[in-house]
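The values are calculated or read from the model by the stated rules, or taken from the named source; none is laboratory data. None of the values given here were measured: they were computed from a predicted structure. As a convention, Cβ positions derive from the backbone with ideal geometry for all residues, glycine included, and neighbour counts pool all protein chains shown.
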Amino acid sequence: MERVAVIGTGAMGSAMARCLMRAGFRTTVYDVRRQAMEPLVVMGAKKAERVADCTDVDAIIIVVANDSQVEDVIAGPGGILKHLHQNVRPVLMVMSTVSPETVRRLGALCRARDVELIDAPVSGGHVAAENGNLSVMVGGAKETFDRMRPVLSVIGQRLYYVGELGAGEVVKLTNNMIGVTNMFLTIEALATGVRNGVPLDTLLSIIDTCSGSNFHTRNWPLAKAFFEDFARDLDSARNNLSLSIKDLTHAQELASLGKGPSPLLKSLIDALKEMKPEYLVEKWTEVTK
């Protein structure tokens, strides 16, 4: 494993690419937004003009926003499977959070072309991504997971092999059912306390000894940076809100497949669909300023 391509150089993908370059991997990058690639090119990454230019490598990391983009990158008219080099079969790693069924369907298409695919969604946010400190949940062939360890260990310090293709996405969506819910509820709870006259430091110190303690209250400096970035401006808030709804909708689909209704999750999705980005920028700033 010497040559790696990263498709999707948003906050997470660009952070992964920087980690790979620092570790000595020859890194190719591609994003439909040309300007998103430029800082990486300055660091020494090879800029691809199209997805097809990413296929002459050992592994391709896919970090795009949603299922349709993942499908387009892998199986679309301009996608990887349509532009494989002779005798070169890169391992594909879907690190986006998507439906398990999406990666299983794409896995079948990949197998028909003698291409290995694993799903490897991550948790930790862009701060952890910058430091190569993500948690990575991997589904697919165990042999492929072992083969990809040199790449994955640069991206995450906690690597979990969780089973067959799609299992990584199952674990990530299960985690997000709790994590995303806690995220929104924690910031609103803290805002309620602050608005009613209790200093934030006092709230956090007491909550951490009580039943309300969670990842965000225990790691407030990290959580604060995340909340600030999430609602940095209207575009960021709008985009991150959309991603949260997408993840929870996939989790809802997963619950339905298991014949286990999740009424609380449905209520949260409905509430997020009604939430305005202006609210996030204005109200979250009350806590993070």
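The table for this structure:
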read-out	value
Qualifying residue in segment 246-253 (condition: in a helix (DSSP H, G or I), of a type in the set (Gly, Ala, Ser), crowded, with 17+ Cβ neighbours inside 10 Å and out of contact with any Phe, Trp or Tyr (no Cβ under 6 Å at 6 or more places or on another chain))	yes
All positions within segment 19-52 that are in contact with a His (Cβ under 9 Å, 6 or more places away or on another chain) and either surrounded by 19 or more Cβ atoms within 10 Å (Cβ to Cβ) or closer than 22 Å to Leu152 by Cα (or both)	Val51
Segment 129-167, residues that are among the acidic types (Asp, Glu) and within 18 Å of Met1 (Cα to Cα)	Glu143, Asp146
Complete set of residues in segment 38-70 that are within 30 Å of His250 (Cα to Cα), among the β-branched types (Val, Ile, Thr) and in contact (Cβ under 8 Å) with a residue 40 or more places away in the chain	Val51, Thr55, Ile60, Ile61, Ile62, Val63, Val64
Residue match in segment 98-107 (condition: modelled with pLDDT under 95 and either closer than 28 Å to Ser242 by Cβ or not charged (D, E, K, R) (or both))	no
Qualifying position, being without any contact (Cβ under 8 Å) to a residue 60 or more places away in the chain and assigned to a helix (DSSP H, G or I), among Gly197, Gly212, Gly179	Gly179
Pairs where the first residue, in segment 71-96, is in contact (Cβ under 8 Å) with a residue 24 or more places away in the chain and the second is of a type in the set (S, T, N, Q), C-beta under 7 Å, 6+ apart	Glu71/Thr102; Ile80/Thr55; His83/Thr55; Leu84/Thr55; His85/Thr55; Val88/Thr55; Pro90/Thr55; Val91/Thr144
Residues (closer than 14 Å to Gly8 by Cβ and buried (at least 18 other Cβ atoms within 10 Å of the Cβ)) located in segment 53-65	Cys54, Ile60, Ile61, Ile62, Val63, Val64
Residues that are of a type in the set (D, E, K, R) and closer than 16 Å to Lys283 by Cβ, drawn from segment 216-228	Lys224, Glu228
Matching entry among Arg158, Arg89 (being touching a Ser or Thr at 6+ places or on another chain (Cβ under 8 Å) and surrounded by fewer than 22 Cβ atoms within 10 Å (Cβ to Cβ))	Arg158
Entirely in segment 114-174, the strands (runs of 3 or more DSSP E) that have 3 or more residues that are free of Cβ contacts under 8 Å to residues at least 40 places away in the same chain and within 18 Å of Leu243 (Cβ to Cβ)	134-139
Criterion (loosely packed, with under 15 Cβ neighbours inside 10 Å, within 26 Å of Glu169 (Cβ to Cβ) and outside the structural domain of Thr249 (by TED's automatic domain parsing)) met by exactly one of Ser14, Ser68	Ser68
Residue identified as among the aliphatic types (A, V, I, L, M) and part of a loop (DSSP other than H, G, I, E, B) among Leu92, Leu84	Leu84
Selection count, segment 215-245, where residues are polar (S, T, N, Q) and either assigned to a loop (DSSP other than H, G, I, E, B) or farther than 27 Å from Gly168 by Cα (or both)	1
Whichever residue in segment 33-53 is of a type in the set (D, E, K, R) and in a loop (DSSP other than H, G, I, E, B) and, among such residues, is nearest to the chain's Cα centre (by Cα)	Arg33
Condition check for Arg195: basic (Lys, Arg), loosely packed, with under 15 Cβ neighbours inside 10 Å, under 20 Å from Asn175 (Cα atoms) and out of contact with any helix residue (DSSP H, G or I) (no Cβ under 6 Å at 6 or more places or on another chain)	no
